[in-house]
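Beneath this line is the structure, given in structure tokens, with notes to follow.
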There are 2 protein chains.
Amino acid sequence: MNEKKEVGITAKKSSNFVDWYSEVVIKSGLAEYGPVHGTIVFSPNSYAMWEEVQKAFDKMIKETGHKNAYFPLLIPESLLNKEAEHFKSFVPEVFWVTHEGEKELTDKYAIRPTSETIIYYFFSKWLRSWRDLPILVNQWCSVLRAEIKDTKPFIRNSEFLWQEGHTAHETEAEADKEVMLILDFYRKIAEEYLAIPVIAGKKSELEKFGGAYYTTTIESIMPDGKAIQMGTSHNLGQNFSKPFGVKYLGRDNLEHSAWTTSWGISTRLLGALVMTHGDDSGLIMPPKVAGTQIVIIPIIKKESLNEVTQFAKELRGKLSQKFRVELDLRDDVTPGYKFNDWEMKGVPLRIEVGPKDIKNGVVVLVRRDTKEKKEVKHADLEEEASKLLEAIQATLFLRAKESLKSLITEAKTYKELQEVIKSKGGFVKINWCLGDACELKIKEDTNATSRVIPFAEKRHGKCIVCGKDTEAVAYFAKSY
Amino acid sequence: MNEKKEVGITAKKSSNFVDWYSEVVIKSGLAEYGPVHGTIVFSPNSYAMWEEVQKAFDKMIKETGHKNAYFPLLIPESLLNKEAEHFKSFVPEVFWVTHEGEKELTDKYAIRPTSETIIYYFFSKWLRSWRDLPILVNQWCSVLRAEIKDTKPFIRNSEFLWQEGHTAHETEAEADKEVMLILDFYRKIAEEYLAIPVIAGKKSELEKFGGAYYTTTIESIMPDGKAIQMGTSHNLGQNFSKPFGVKYLGRDNLEHSAWTTSWGISTRLLGALVMTHGDDSGLIMPPKVAGTQIVIIPIIKKESLNEVTQFAKELRGKLSQKFRVELDLRDDVTPGYKFNDWEMKGVPLRIEVGPKDIKNGVVVLVRRDTKEKKEVKHADLEEEASKLLEAIQATLFLRAKESLKSLITEAKTYKELQEVIKSKGGFVKINWCLGDACELKIKEDTNATSRVIPFAEKRHGKCIVCGKDTEAVAYFAKSY
């Protein structure tokens, strides 16, 4: 048997988080850099998780009346330019198409950095009367934003995959309701599928989406103490509908501009998943989104090759009815090598089966999260596997919740805030007047920005920067 | 009740096919032109059909070991340029990115017109040993090819949606097998889902994919007598693996270049669907891919409003367990308007229900294809709806088969070929030596090209152009 060199992950998560992350992403086969700066391939291992996210979210939005569509990738500059704030915030990162074959274009085209402008171009044609409202569409696509500085697979790429929902409504109240409906779907995706706990709330004026009336967000914190934005849902007010002519004849027979919303989650979620759950052995995939939930590794000796292979194949057939299963029949590496390899790839549950196990009517189950082993009778296997996968999902979420909790620190004074950001990192919870000036001061002094003004928390106090009376609580942090 | 003007389709399919097609596409809400020449929005009505195609094909390829992934949209010119034939055939239609924000690029980027080159960039990194083979990946994405001349929604666009599969194999025989496996999946999608009969075979040397060893295709003919390519599956030989370094250490411990294949179907299929099945009332969607399979139209009079609405909602709830259902509760148009509207949109089955029907325990079912009406008891509704949808699917396929048959003409002489192409159009079946010169002569004289050299037909005869002895039969036609 041709034993390969044990590669595995060499950096430690606790002491060298940056290198650890890159190693896990590359070695577990999630992504690799492309030839254009900041682009990556989403390999089958990461794309399969994205497909599970798609399935789950697609179901939620379809059940609530949203429909998928696909809008053009190319947006003429003149169209992108119609909402000034929006244009300003995206134009430094736009990839510009200037030539079609040999022909030079007069109005150059932007590759979509987001699709509000091109979608409102169509909404303005579709919308006539209040009876046409609401319009509820979504698209799954890639968007491009040139990352000139640091890039990081999944977290910061020049091209990433996402969904972008775009809706138009009669009233502000209906747009508000839509924004919150979707934000709650995002919370479900993060917490119940990716096992990543989040804090839901509003963005500050400085941190809201370019052109938005307001932005809501779900935020989490990574083990290195940096915050990550997991999904945003914007009420765009009438800021876009007015310049783009998204208007309708109302119940009052007068012309009105629609209230619009937009919202998105992206493959950035996969980066947060790697950071949150991985360990020094590699990736750990939450069972609900794992492309492979169970890997079967036969312990084969020469004299039992046929018997064990046959048994393992039957096992795969049976388990595949209910789970996403791989069977590793490679004959050029040892079972030990395979154990490490699949641990690195983060498959939540491993089944080991050898000739003795077959004789005894058992298999061995090994959890990826705790590495606990358990002998299980053949008859109980399916039920036990189901239970263990649920337990792994729950354990990962609990662990992440503990971590999140440990990375929230209250600061009563400005000095305290500065110290926490500098030493421990994580979310610093403060009373804040919500003013731009105070946020800018914090940013200048500490590099931290307001990440989220949580819906669930209010507390009378004084802004720790300017001392003004306030009810507002906010979480500040350095962020990805 | 505010009766709207009856719009409907004004052009006739039989006498003005070109205008009829455009009207159906726009008025049934399938697509609309975007601001960039040749781009369209794939509206919810057409995108829903594409999603059904995706579901069906995705299942087929996953069951045979293929995995989805996503590769970068941007391809540096230097990479696209590595296979000369390939580059030459795509470069006139490439959209070029020359600027990233303000920065001018030194090596400009092509927006993918197809992804062989960027995918082989990654394959060359992934592939080490024969044990890594086969590599079987697929991606769902959009590709861009600038259409400078005529554009036609779905049929000829500057951006369209497709899947592109890319595989690498040890041997020519395995690549051959893959090509034929996929081509047969494509035949199934066309015939069993879209209800469009096709002829499967090879492409001529002049018509094969740029850089391919050989190309296989499924072809159909539209009611106006023009052929349409429905899907292609290419054996690329070692033509790409050599310049891109897609090589591996073989079982013999020597280095080999892999055999690669690529294959694609696109949203062009939706154009063929419209052309094949539509009639003077509008679109007809085959039930298997219809976004909406059944529409319920309550016949409401003021005094029965609550009762009928309630019944219709319950009906929707029940039928939605099994079918894709819409309930039309608009109160500003008459039932008659709704009938026409949903006929135009091509929903295969309509359910009418009024107060009298409720009392009698029946509903009325109306088939979109034949417009036949049938009264059905409430208890039999689900079974009857299933049967009718199957019958509609079968009828559409049979009709299309008849049409295809009527548009195949044999030509024994060159003069006959010229006459048929000029008068009737459609496929002209001839004996042909397979030589480039004869194909070029036909093209120059008639504008027709070889569409397919069918696998299933061979016949000893003489090439009708040059008179050489040949076994080969080919179908020539003008094409989209």
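Figures for the structure shown
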quantity: Distance histogram for the range A:326-470 (every C-alpha pair counted, 10 angstrom bins, percent rounded to whole numbers); calculated: 9, 27, 17, 12, 16, 13, 5, 0
quantity: Per-pair calculated FRET efficiency, R0 = 56 Å: residue B:306 and residue A:332 via Cβ, rounded to 0.05; calculated: 0.20
quantity: Computed Rg/Rh of the range A:105-244, alpha carbon atoms with Kirkwood Rh; calculated: 0.98
quantity: For residue B:64, label point 7 Å along C-beta direction: distances to other copies, nm; calculated: 3.9
quantity: Fraction of alpha-carbon pairs over 21 Å apart in the range A:171-244 - percent; calculated: 31 percent
quantity: Shape call, the range B:17-277: gyration tensor on alpha carbons, a/c limit 1.5; calculated: oblate
quantity: Packing-based exposure ordering (other Cβ within 10 Å, fewest first) of A:103, B:288; calculated: A:103, B:288
quantity: Residue-count net charge about residue B:480 - beta-carbon cut-off 13 Å; Lys, Arg +1, Asp, Glu -1; calculated: +3
quantity: Net lengthening on full extension, residue B:456/residue B:63 (0.36 nm per residue, minus Cα-Cα); calculated: 138.8 nm
quantity: Total formal charge among the other residues, if their Cβ is under 13 angstrom from that of residue B:419, Lys/Arg +1 and Asp/Glu -1; calculated: +1
quantity: FRET efficiency, 1/(1 + (r/R0)^6) with R0 51 Å, evaluated for residue A:373 and residue B:321 via beta carbons; calculated: 0.75
quantity: Under the Debye formula (equal points on every Cα, no solvent term), log10 I(q)/I(0) of the range B:408-477 at q = 0.14, 0.18, 0.27 Å⁻¹; calculated: -0.33, -0.56, -1.34
quantity: Shielding by partners, peptide B:74-80 (average Cβ within 10 angstrom, other chains); calculated: 3
quantity: Packing rank of B:95-102, B:256-263, where each peptide gets the mean count of other beta carbons within 10 Å, highest leading; calculated: B:256-263, B:95-102
quantity: The range A:384-452 and the range B:134-151: distance between their alpha carbon centers, rounded to Å; calculated: 43 Å
quantity: Taking N as its residue count, the alpha carbon Rg of chain B over 2.2 N^0.38 Å; calculated: 1.10
quantity: Helix-derived mean residue ellipticity, 222 nm - over chain B, DSSP H n ≥ 4, -39500 (n - 2.57), to 500; calculated: -10500 deg cm²/dmol
quantity: Cα pair distances of the range B:253-342 binned at 10 Å [whole percent]; calculated: 13, 30, 25, 13, 7, 6, 4, 2, 0
quantity: Residues whose placed amide H lies under 5 Å from that of residue B:105, excluding near-sequence neighbours; calculated: B:99, B:100
quantity: Inter-copy spacing of residue A:307 label points, which lie 7 Å from Cα along Cα→Cβ, given in nm from shortest upward; calculated: 7.4
quantity: Inter-label distance for residue A:180 and residue B:93, nm, one decimal - labels placed 7 Å from Cα along Cα-to-Cβ; calculated: 5.0 nm
quantity: Sequence of B:89, A:158 once ranked by neighbouring C-beta atoms within 10 Å, starting from the fewest; calculated: B:89, A:158
quantity: Across the identical copies, how the residue B:32 labels are spaced - nm, sorted shortest first, 7 Å along Cα→Cβ; calculated: 4.3
quantity: Cβ neighbours within 10 Å from other chains - mean over B:460-468; calculated: 0
quantity: Rule-of-thumb Rg ratio for the range B:294-391 [Cα; 2.2 N^0.38 Å; N residues]; calculated: 0.99
quantity: Karplus 3J(HN,Hα) series, Hz, for the range B:197-207 with 6.51 cos²θ - 1.76 cosθ + 1.60 (x for Gly, Pro); calculated: x, 9, 10, 9, x, 9, 8, 6, 4, 6, 9
quantity: Stokes-Einstein D (µm²/s) once Rh is taken as the Kirkwood radius of the range A:12-167 over alpha-carbon pairs, at 10 °C in 1.306 mPa s; calculated: 88 µm²/s
quantity: Expected-Rg normalisation [2.2 N^0.38 Å, Cα atoms] applied to the range A:256-304; calculated: 2.14
quantity: Table column - 3J(HN,Hα) (Hz), the range A:433-449, Karplus curve with 6.51, -1.76, 1.60, x for Gly and Pro; calculated: 6, 6, x, 4, 4, 5, 5, 5, 5, 4, 4, 5, 6, 10, 6, 8, 10
quantity: Karplus-derived 3J(HN,Hα), 6.51/-1.76/1.60, for each residue of the range A:454-469, Hz, glycine and proline x; calculated: x, 4, 7, 10, 9, 7, 5, x, 10, 4, 6, 8, 9, x, 5, 5
quantity: Rounded, prolate or oblate (a/c below 1.5 giving rounded, otherwise prolate when a/b exceeds b/c) for the range B:18-79 by Cα gyration tensor; calculated: oblate
quantity: Relative contact order of chain B, pairs being alpha-carbon contacts under 8 Å that are 6 or more residues apart, as %; calculated: 15 percent
quantity: Hydrodynamic radius of the protein assembly as shown per Kirkwood, over alpha carbon pairs, in Å; calculated: 30.8 Å
quantity: Average beta-carbon neighbours from other chains, 10 Å sphere, peptide A:105-118; calculated: 2
quantity: Residues with amide H under 5 Å from that of residue B:410, placed H, sequence gap 5 or more; calculated: B:429
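Bear in mind these aren't lab numbers, they're just calculated from the coordinates by the rules spelled out. In this text the structure is predicted, and so the values were computed from the model without any measurement. Using ideal geometry, Cβ is built from the backbone for each residue, glycine included, and neighbour counts are taken over all protein chains shown.
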